[in-house]
Structures are given as C-alpha cells and as structure tokens.
Amino acid sequence: MNRAIGVLDSGVGGLTVVYELMRQLPNEKIIYVGDTLRCPYGPRPQHEVKQFTLELVQFLMKNNIKMIVIACNTATAYALEDLKKTLPIPVIGVIKPGARAAIKSTKNKKVGIIGTEGTIKSNAYPNALHQINTELEVTTLACPLFVPMVEKGILQGKKAKEVVADTLTPLKKAKEIDTLVLGCTHYPLLEGTIKAVMGEEVQIISSSEETARETSTILEVHQLLHKNPRNIEHHFYTTGDLNIFMKIYRSIFNRNVGEHPNIHIENIII
Ligand code: DGL
C-alpha cells in the first residue's frame with residue numbers, strides 16, 4: 001500500500017518544503033497540515049509549540065503515514081528531539097538539513113541565520129552548525145514581522161520591501177556573511193525581496209532541497225520508497241483561511257489548485 005509522507009507546519013510556510021518533496025519524490029503521496037489558525041508559533045513559549053506540534057502529529061498519525069517531515073523550524077527546534085524518541089515512524093526536521101546546506105555554501109565561514117524568535121532563542125542553528133564545524137562565525141537575527149506578513153499573502157511590493165529592508169539592516173551592517181540561511185519555512189516566499197536587500201554576493205539558503213534529499217534517503221534506508229507512479233493523491237489540510245492557502249499555493253507551485261486534479265484541499269479543526 002502506498003502510505004503517505006506526513007508534513008506539518010504552523011501555516012503555509014511548509015508548502016515550500018512540499019514543493020521540493022514533490023519534485024524530488026514524484027511517486028510519493030503527501031499529507032500536509034498547516035496550523036494557520038494558531039500561526040505564528042515563533043513568539044509562543046516552548047511548551048505551547050510542543051503541544052500544538054503534538055496535536056498536528058496526532059492528526060497525521062491518524063492518516064496512516066509512513067514518515068513525518070516537520071517543515072517548520074520553530075517546531076523542529078522545540079519538539080523534534082522528543083518526537084524522535086516517541087514516534088514509531090521516522091521523523092525529521094528542517095534545521096540540520098539547513099545547516100548542512102549552509103556549510104556546503106560558505107567560503108568565508110561567516111554564516112547568517114534568520115528565523116522566528118523561538119528558533120533564534122533556541123540556538124538550534126548555531127548548535128547544529130558548530131557540531132559540524134566549530135570555526136564558523138554565526139550571526140543570528142529574529143524577524144518577527146515576516147511570518148504574519150506572509151500569512152496575509154503579502155509577498156512582494158513596497159510594504160514587503162520596507163519591512164524586509166528595515167529588519168535585515170543590523171545583519172547587513174554587522175558581519176560580512178557570504179551565506180544567509182532562511183531559518184523559517186515561510187521565508188522562501190520572500191526570497192526575491194530578501195535577495196535584493198542582501199545583495200548578489202550573499203548566497204541564500206533554504207533548507208527544502210536538503211530536507212527532501214534526506215527524506216528520500218530515509219525512505220530508501222527503511223525500504224519505504226514507493227515505486228509505482230499511479231494513483232498519487234495529495235491532501236492538504238489547513239486550520240485557517242482556504243483562500244489565503246490557495247493564494248500561497250499558487251505562488252509556490254505556479255498554478256491554481258484546481259488545475260491539479262490529484263490535489264485536495266480542506267479546512268479542519270484540530
Ligand atoms: N514556518 C515556521 C518556521 O519555519 C513557523 C513560523 C511561525 O509560525 O512563527 O519556523
């Protein structure tokens with residue numbers, strides 16, 4: 001039976017990871033849950049993020065999934081280690097894959113990390129980076145205005161540019177980073193604007209590609225890869241506004257939900 005990969009996020013950001021999962025693993029079914037109603041998770045205390053993440057995991061587990069991808073840095077920082085110990089199926093987050101991609105990219109060993117307050121406070125990125133290379137100079141910055149802006153569907157234009165430029169000013173001034181990790185799965189939706197502000201010489205890293213690669217490796221090692229490309233259906237669930245969800249879907253996948261008959265989107269209450 002073709003069991004699905006379960007993917008979760010606090011809202012629409014995890015769709016950036018889903019895009020890469022679908023590209024690299026076209027035979028796999030995806031079940032996605034985004035908790036837009038309670039988004040953002042970034043400013044919430046750890047115990048609350050853990051509880052909400054657990055509720056999303058329980059929802060996914062009811063759908064007989066074979067693996068979980070926590071496509072949210074905040075939930076990864078706060079809940080991944082506990083989930084790894086308790087879940088009967090493989091579970092991965094986005095922080096280690098993001099750290100590995102940054103290490104591959106940096107030449108001057110100066111890496112910047114932007115993320116939610118929770119992710120930055122947890123120190124999960126500097127820890128993951130220094131576990132691999134202690135010589136790296138890591139500068140972190142919380143960007144609390146980015147997620148609410150993305151969840152409202154403001155991805156470009158004057159307002160987005162102003163908020164991104166103002167927020168990133170301290171990072172631009174501080175150190176000569178050559179690599180900037182988008183340590184929040186919502187941020188790739190602002191990538192064009194972030195790139196324009198940071199300048200051509202800074203490599204922008206999002207963890208989605210590396211996360212999809214790791215998912216593929218884990219499925220192979222556990223002999224869970226699905227090889228039959230027939231009857232691939234994807235289910236997306238959101239606790240929030242369906243219209244915004246569809247708008248973000250369109251900007252990531254470059255097509256409307258309705259143009260893809262194998263994609264089903266539904267509203268749920270967690
Ligand atoms: N997309 C999420 C992340 O990667 C969370 C954003 C939020 O809910 O604050 O951290």
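Tabulated data
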quantity	calculated
Output for segment 128-159, where each listed residue is more than 30 Å from residue 240 (Cα to Cα) and either open to solvent by 90 Å² or more (accessible area, probe 1.4 Å) or part of a loop (DSSP other than H, G, I, E, B) (or both)	131, 132, 133, 134, 135, 136
Neighbours by Cβ (under 8 Å, 6+ apart or cross-chain): first from segment 143-158, touching a residue at least 24 places away in the same chain (Cβ under 8 Å); second polar (S, T, N, Q) and in a loop (DSSP other than H, G, I, E, B)	143/116; 144/116; 147/10; 147/116
Test for residue 62: is it touching a Lys or Arg at 6+ places or on another chain (Cβ under 8 Å) and surrounded by fewer than 24 Cβ atoms within 10 Å (Cβ to Cβ)	no
Subset of segment 33-58 (residues that are open to solvent by 40 Å² or more (accessible area, probe 1.4 Å) and either more than 9 Å from the ligand (Cβ to nearest atom) or farther than 11 Å from residue 11 by Cβ (or both))	37, 43, 44, 45, 46, 47, 48, 50, 51, 54, 55, 58
Residue 101 within 16 Å of the ligand (Cβ to nearest atom), within 16 Å of residue 181 (Cβ to Cβ) and open to solvent by 10 Å² or more (accessible area, probe 1.4 Å)	yes
Residue in segment 214-230 that is at negative phi and touching a Ser or Thr at 6+ places or on another chain (Cβ under 6 Å) present	no
Within segment 161-198, considering residues that are more than 16 Å from the ligand (Cβ to nearest atom) and open to solvent by less than 20 Å² (accessible area, probe 1.4 Å), the one nearest to residue 13 (Cα to Cα)	193
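The values are calculated or read from the model by the stated rules, or taken from the named source; none is laboratory data. Note that the coordinates shown come from a computational prediction; the quantities given were computed from them, not determined experimentally. Virtual Cβ from ideal backbone geometry, glycine too; neighbours counted across all protein chains shown. Protein only, heavy atoms only, side chains kept; ligands, DNA and RNA dropped before computing areas. Shrake-Rupley method; radii C 1.70, N 1.55, O 1.52, S 1.80 Å.
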